[in-house]
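The structure under discussion appears below in the form of structure tokens.
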Amino acid sequence: MDIAALNDIATRMVEPGKGILAADESTGTIGKRFDSIGTENTEDNRRDWREMLFRTQPAMENYISGVILYDETIRQDAKDGTPLRKLIEDCGAIPGIKVDKGITALAGRPGENITQGLDGLRERLAEYYELGARFAKWRAVIEISHPDQYVGSTPTRGGLKANNHALGRYAALCQEAGIVPIVEPEILMGGHHSVERCHEVTEKTLNSLFTELYEQGVALEGIVLKPNMVVAGKKCTLQPSREEIAERTIKVLKDTVPAAVPGIAFLSGGQENEEATRNLDMMNKIGGFPWKLTYSYGRALQQSALFAWKGQEKNYDAAQTAFNHRAKMNGLASLGEWSADIDAEVDA
Ligand code: 5MM
């Protein structure tokens, strides 16, 4: 394993002022996004949408360090025949690939899921390397049960262990292939749980994750962590302030993530666009931590562009304007230089 080479890639992925575009929606998930704008989920539409994003300037050159692709996209060509991954490389960004195969119910642990995709992963990683991927992503999905549920509450220690074990095996295989693993244990924010409960579960999850990474020989210099922020469930009546979210998230990360990790790139997890930007910005304004803190957003980078595009060619420029704006705002947030006033200004 060439740790220096892995560290070089990971460091580029979290370069100050830039972050990662998560465009790795599986066919089913992109279908849900397209439903919201009344667009058919065809291969051509998926290509047009993603080609538009990857051709957006200056967003791609200035604010995007890497793009997480889906299997179909890493093999797909733009309308003029240029491979989509080449559009990304030409902007100086790194192509990456989602390698997990989604979640299924975890046997013996009702209410919990496990991520699939380890079988044959060594061979798939070798192929993705040939196709140009220099980083990968695997997402574990962790759900916090309703606060009133005492019996059978989730996540359980066993459920966390199973998911983190899989993340460790995936990460070790990636590094063996010369690919930087993005390690993503996502605690869903859809529930009724409090911010305190999210804090507790995030701490347990990350503690267990770094034990697994250690036990499976993963070089921490060559990973990027993609966690949730510490927030209350969307249905919780008591919502924390941005200061509390930032302070709790930094505290949990400091308590659990070794300083050898070059960077942490958050998922947005269903936060509103501006909310995801301001929470990241607040953490970087507070500062005082050993890793870079940036974004690996899917929805919070794409949503306004998607609504501007509506699946129609005539809206191409409007969609690129929207993507440019969100990318720039998140780029500023990764430096702690964002403000609501700047966000309110409409780019030309
Ligand atoms: C882009 O969505 C990814 C998952 O897609 P599937 O559920 O179809 O596999 C997801 O892993 C995403 O990369 C992260 O959750 C970050 O995206 P958000 O939208 O939460 O920032």
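Scanning the stretch 1-57 for residues that are within 11 Å of the ligand (Cβ to nearest atom) and in contact (Cβ under 8 Å) with a residue 12 or more places away in the chain yields G19, I20, L21, A22, A23, D24, E25, S26, T27, I30, R33. Of the residues in the stretch 211-221, at least one is under 27 Å from A300 (Cβ atoms) and either within 16 Å of the ligand (Cβ to nearest atom) or in a helix (DSSP H, G or I) (or both). Is there a residue being of a type in the set (K, R), crowded, with 24+ Cβ neighbours inside 10 Å and within 14 Å of the ligand (Cβ to nearest atom) anywhere in the stretch 299-310? No, the stretch 299-310 contains no residue that is of a type in the set (K, R), crowded, with 24+ Cβ neighbours inside 10 Å and within 14 Å of the ligand (Cβ to nearest atom).
Scanning the stretch 107-151 for residues that are at pLDDT 95 or above, within 20 Å of G191 (Cα to Cα) and hydrophobic (A, V, I, L, M, F, W, C) yields I114, A140, V141, I142, I144. Of all residue pairs spaced 6 or more apart or on separate chains, those with beta-carbon atoms under 7 Å, a first member in the stretch 101-120 that is of a type outside the set (A, V, I, L, M, F, W, C) and a second member that is assigned to a loop (DSSP other than H, G, I, E, B) and exposed (fewer than 12 other Cβ atoms within 10 Å of the Cβ) are P110/G152; G111/G152.
Of all residues in the stretch 58-82, those being surrounded by fewer than 19 Cβ atoms within 10 Å (Cβ to Cβ) and touching a residue at least 40 places away in the same chain (Cβ under 8 Å) number 4.
Considering only residues of the stretch 58-84 that are of a type in the set (S, T, N, Q) and in a helix (DSSP H, G or I), which is farthest from the ligand (Cβ to nearest atom)? Applying the filter and picking the extreme gives N62.
Screening A172, A166 for residues that are within 17 Å of G117 (Cα to Cα), within 16 Å of the ligand (Cβ to nearest atom) and small (G, A, S) leaves exactly one candidate, A166.
Would you please list the contacts, defined by Cβ atoms under 7 Å and residues six or more apart or on different chains, that run from a residue in the stretch 241-269 that is of a type in the set (S, T, Y) and within 16 Å of the ligand (Cβ to nearest atom) to a residue that is outside any helix (DSSP H, G or I) and modelled with pLDDT of 95 or more? Pairs that qualify, where the first residue is of a type in the set (S, T, Y) and within 16 Å of the ligand (Cβ to nearest atom) and the partner is outside any helix (DSSP H, G or I) and modelled with pLDDT of 95 or more, are T249/M229; T249/V230; S268/Y297; S268/G298. Listed by position, the helices (runs of 4 or more DSSP H) enclosed by the stretch 283-348 that each have at least 3 residues that are out of contact with any Pro (no Cβ under 6 Å at 6 or more places or on another chain), touching a residue at least 60 places away in the same chain (Cβ under 8 Å) and of a type outside the set (A, V, I, L, M) are 299-309, 316-333. Among all residues of the stretch 85-94, there is at least one that is away from the ligand (no atom under 16 Å from the Cβ) and touching a Phe, Trp or Tyr at 6+ places or on another chain (Cβ under 7 Å).
The values are calculated or read from the model by the stated rules, or taken from the named source; none is laboratory data. From a predicted model like this one, the values you see are computed outputs, not experimental measurements. A quick note on method: Cβ atoms are made from the backbone with ideal geometry, for glycine too, and the neighbour counts reach across all protein chains shown.
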